[in-house]
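Quick notes on the structure that follows.
The values are calculated or read from the model by the stated rules, or taken from the named source; none is laboratory data. What you see is a predicted model, and the numbers here were worked out from it, not measured in a lab. Don't worry about glycine lacking a Cβ; one is built from the backbone with ideal geometry, like all the others, and counts go over all protein chains shown.
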Amino acid sequence: MNLIFAMKVFNIGLPKTGTSSLNEALIILGYRSLHNPLDLRMASYRQGVYRYARDDWDAITNFGEHFYPQLDQNYPGSKFILTVRDRDAWLKSTEKWYSQPPMYPPRDNQSRLETFGCITFSYERFAYLYEHHTEGVKRYFEHRPDDLLISEVGQDEPWLDICQFLDKPVPNQPYPHSNNRAGKFHRAARLRRQLATWVRYGGR
């Protein structure tokens with residue numbers, strides 16, 4: 001049974017840094033975790049809202065990469081997880097993903113513009129954004145080390161750092177990896193739910 005946590009957890013890593021796996025990990029830890037909820041993202045980008053009326057969640061992953069200071073101000077006492085990976089590996093992964101035509105063009109093009117400032121992969125833009133975002137987050141939390149965890153894709157035991165950071169016992173099961181077959185199935189189902197949400201909230 002999921003518990004309701006007063007403290008919120010925000011994953012502010014860029015796409016393709018293990019955000020889907022982290023979402024699954026937080027669910028295992030008992031959090032009501034949402035992955036890139038489009039209705040909340042649109043409320044922030046379109047209306048400048050950072051304290052949400054919807055409160056059926058304890059954690060959000062792949063979210064707030066450009067407005068984490070506002071989330072921090074509106075949800076004091078929250079924890080932030082910056083997921084990262086080797087920059088060259090990240091660029092290779094994003095080039096493969098974002099050179100493809102989007103699955104749902106209106107929604108995906110908007111999301112790409114909001115996150116990267118362009119619709120198709122640009123080495124110059126993506127490399128700059130990765131460096132700028134990573135360093136910006138580090139500077140923002142420079143004097144608050146207890147509020148930020150930097151979790152790197154590929155580390156041997158991600159459970160240890162995450163559970164210590166969130167004061168949770170380490171689960172007796174492997175850390176999830178959403179790129180396996182089961183993870184891809186669940187991610188496709190989640191995308192369908194996100195599209196339904198996007199349509200319901202009047203996405204353009």
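For the stretch 7-58, enumerate the residues that are of a type in the set (K, R) and under 22 Å from P69 (Cβ atoms).
Within the stretch 7-58, K8, R41, R46, R51, R54 qualify.
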Can you tell me which residue in the stretch 100-120 is surrounded by the fewest Cβ atoms within 10 Å (Cβ to Cβ), limited to those that are over 19 Å from the mean Cα position of the chain (by Cα) and under 13 Å from L38 (Cβ atoms)? P106
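How many residues are part of a helix (DSSP H, G or I) and of a type in the set (S, T, Y) when one looks only at the stretch 20-63?
4
Considering D146, D108, D156, which residue is among the acidic types (D, E), in a helix (DSSP H, G or I) and modelled with pLDDT under 95?
Numbers: D146 fails: modelled with pLDDT under 95; D156 fails: in a helix (DSSP H, G or I).
Criteria check complete, one pass: D108.
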Taking the stretch 8-39, which residues are modelled with pLDDT of 95 or more and among the hydrophobic types (A, V, I, L, M, F, W, C)? V9, F10, I12, L14, L22, A25, L26, I27, I28, L29, L34
